[in-house]
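The values are calculated or read from the model by the stated rules, or taken from the named source; none is laboratory data. The shown structure was predicted, so the numbers you read here are calculated from the model rather than taken from an experiment. No Cβ is skipped: glycine too gets one built from the backbone with ideal geometry, and neighbour counts run over all protein chains shown. Only protein heavy atoms, including side chains, enter the accessible area calculation; ligands, DNA and RNA are left aside. Shrake-Rupley method; radii C 1.70, N 1.55, O 1.52, S 1.80 Å.
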Amino acid sequence: MKLALFDLDNTLLDGDSDYAWAQFLIEEGVLHAGEYNAKNDYFYSRYKDGTLDIHEFLDFQLAPIKDRPRAQLDAWHQEFMQRKIRPIIAAGTPALLDEHGGSTSAIVTATNRFITGPIAKELEVPMLIATDIEERADGTFTGRPRGIPTFREGKIAAVNAWLASLGHKLADYESWFFSDSLNDLPLLELVTHPVAVDPDPTLEARARERGWSIISLR
């Protein structure tokens, strides 16, 4: 059996969907550019250097969607897909997904499910493993994550839980994981075929040390 796992941001996308969402909300006048950009840039830098506190970040990330009517959020997201996401789908993404079309496959991302759900559908990847958000009966969000965020070791826990629901475990598969980020080293080290995609410097150095594949989708 074959299993293909794909990181999303800066891997299948030539950019970061969460960062792009914040920029979209700034352009829409929902967020104040000066205040929000500084914090957004701070957290993005912490992510890139491997020092991100995921819970601190989620408090920040989820605040703009907290308590807003779901119809408004969904309307914004449709425009967000058109303006921000479709233009940054990496050039090589469709071919890579086609190459692994016969495998059990999933996008595995730390970015929350509200942002990434429509992106996974756009890419026609059947399974999305993402950070879940508490949701009320009326569809509004509480601003709090639900369960363990799918970040670093949290990705491993989520993948293992998904595979267990299928009656399998990671060791049952010949497996691939495609990622750009040093934050994904825990999961990359567990799969049969770790692949660094347009990697950050830390991941590139580790990939070269270990003899992992390094590819570009851009």
*Which whole-Hz ³J(HN,Hα) couplings does region 52-59 yield from phi under the Karplus relation 6.51 cos²θ - 1.76 cosθ + 1.60, θ = phi - 60°, glycine and proline marked x?*
5, 8, 5, 6, 4, 5, 5, 4
_Once the convex hull of the alpha carbons of region 61-218 is built, what does its volume come to per residue, in cubic angstrom?_
125
*May I ask you to give the percent of accessible area on the chain that is carbon plus sulfur, with a probe radius of 1.4 Å?*
49
*Go through Ile26, Leu187, Leu3 and say which Cα lies farthest out towards the positive end of the charge dipole of the chain; charges sit on Cβ, +1 for Lys and Arg, -1 for Asp and Glu.*
Leu3
*Please calculate how many Å² of accessible area the chain carries per residue, with a 1.4 Å probe and no DNA, RNA or ligand atoms counted.*
46
*About the Cα centre of the chain, what is the dipole size in debye to 20, counting +1 per Lys and Arg Cβ and -1 per Asp and Glu Cβ, all else neutral?*
280
_Projected area, mean over directions - region 1-125, Cα convex hull, nm²_ = 8.4
*asked:* If you count only protein heavy atoms and use a 1.4 Å probe, how large is the accessible surface of Glu174, to the nearest 10 Å²?
replied: 70
*region 29-39 - phi-based ³J(HN,Hα) in whole Hz, Karplus 6.51/-1.76/1.60, Gly and Pro as x*: x, 7, 10, 7, 4, x, 5, 6, 4, 4, 5
